């Protein structure tokens, strides 16, 4: 399995992937976790200090379709979700059976940026539509760690992320 971390130019919070939590950027925290479990490639639309492949796709849907053609199966992990755990990654990999595997929230929304994509995917208007057109398995979000799907999109999110990071990393 290969882990793919997409990074785009943020619309709401400039350089959000490069903001620090503790001593490391959000992206470095994510990259280190994923790369400890599987081969990892960052596809980025911005210049980074970490190794990356330039993302020349028009949008995330096109990126996912291109990755599907290249890798057939891959784990897509959002570049702004720093609090998933190694156990969350291993849960997904352990449950993967060849079909798309996606966490599903209690409101029935999908978590398409923490998803294992597999098979021949068809273009859709959203990643949810891409998933719905394919053979997929949903996992209840309650199986994952408390902040697994928290993402940083705004300054308020970032301030909350600092608080979460501090609470998770305070000495015991």
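The values are calculated or read from the model by the stated rules, or taken from the named source; none is laboratory data. Computed from a predicted model, the values in this text were never measured in an experiment. In this analysis, Cβ positions are derived from the backbone assuming ideal geometry, glycine residues included, and neighbour counts consider all displayed protein chains.
What is the one condition in (1) surrounded by 16 or more Cβ atoms within 10 Å (Cβ to Cβ); (2) over 19 Å from residue 17 (Cβ atoms) that residue 151 does not satisfy?
Residue 151 satisfies every listed condition except (2).
Checking the condition in contact with a strand residue (DSSP E or B) (Cβ under 7 Å, 6 or more places away or on another chain), modelled with pLDDT of 95 or more and assigned to a helix (DSSP H, G or I), which residue from 116, 42, 29 passes? Let's see the steps before the verdict.
Values: 116 fails: assigned to a helix (DSSP H, G or I); 42 fails: assigned to a helix (DSSP H, G or I).
Answer to the check: 29.
For the stretch 3-13, check the following and say yes or no: at least one residue is under 19 Å from residue 111 (Cα atoms), modelled with pLDDT under 95 and either touching a helix residue (DSSP H, G or I) at 6+ places or on another chain (Cβ under 8 Å) or assigned to a helix (DSSP H, G or I) (or both). Lay out the reasoning, then the answer.
So in the stretch 3-13, the residues under 19 Å from residue 111 (Cα atoms) come out as 3-8, 10.
Among the residues that remain, those that are also modelled with pLDDT under 95 are: 8, 10.
Subset that is either touching a helix residue (DSSP H, G or I) at 6+ places or on another chain (Cβ under 8 Å) or assigned to a helix (DSSP H, G or I) (or both): 8, 10.
Scanning the stretch 3-13 turns up at least one residue that is under 19 Å from residue 111 (Cα atoms), modelled with pLDDT under 95 and either touching a helix residue (DSSP H, G or I) at 6+ places or on another chain (Cβ under 8 Å) or assigned to a helix (DSSP H, G or I) (or both).
Of the conditions (1) without any contact (Cβ under 8 Å) to a residue 60 or more places away in the chain; (2) touching a helix residue (DSSP H, G or I) at 6+ places or on another chain (Cβ under 9 Å); (3) over 20 Å from residue 37 (Cα atoms), residue 115 fails just one. Which one is it?
Here residue 115 clears every test but (3).
Could you please let me know if residue 102 is modelled with pLDDT of 95 or more and outside any helix (DSSP H, G or I)?
Details: modelled with pLDDT of 95 or more: yes; outside any helix (DSSP H, G or I): yes.
Criteria met by residue 102.
What number of residues within the stretch 67-98 satisfy the criterion of being over 15 Å from the mean Cα position of the chain (by Cα), surrounded by 15 or more Cβ atoms within 10 Å (Cβ to Cβ) and part of a helix (DSSP H, G or I)?
First pass over the stretch 67-98, keeping only residues over 15 Å from the mean Cα position of the chain (by Cα): 68-72, 94-98.
In the following step, the residues that additionally are surrounded by 15 or more Cβ atoms within 10 Å (Cβ to Cβ) were identified as 68, 71, 96.
Those still in the list that are part of a helix (DSSP H, G or I) too: 68, 71.
Matching residues across the stretch 67-98 total 2.
Which residues, counting only those in the stretch 57-66, are within 30 Å of residue 160 (Cα to Cα) and in a helix (DSSP H, G or I)? Show your work before the answer.
Restricting attention to the stretch 57-66, the residues satisfying the condition of being within 30 Å of residue 160 (Cα to Cα) are 59-61, 63-64.
Listed by number, the residues that qualify are 60, 61, 63, 64.
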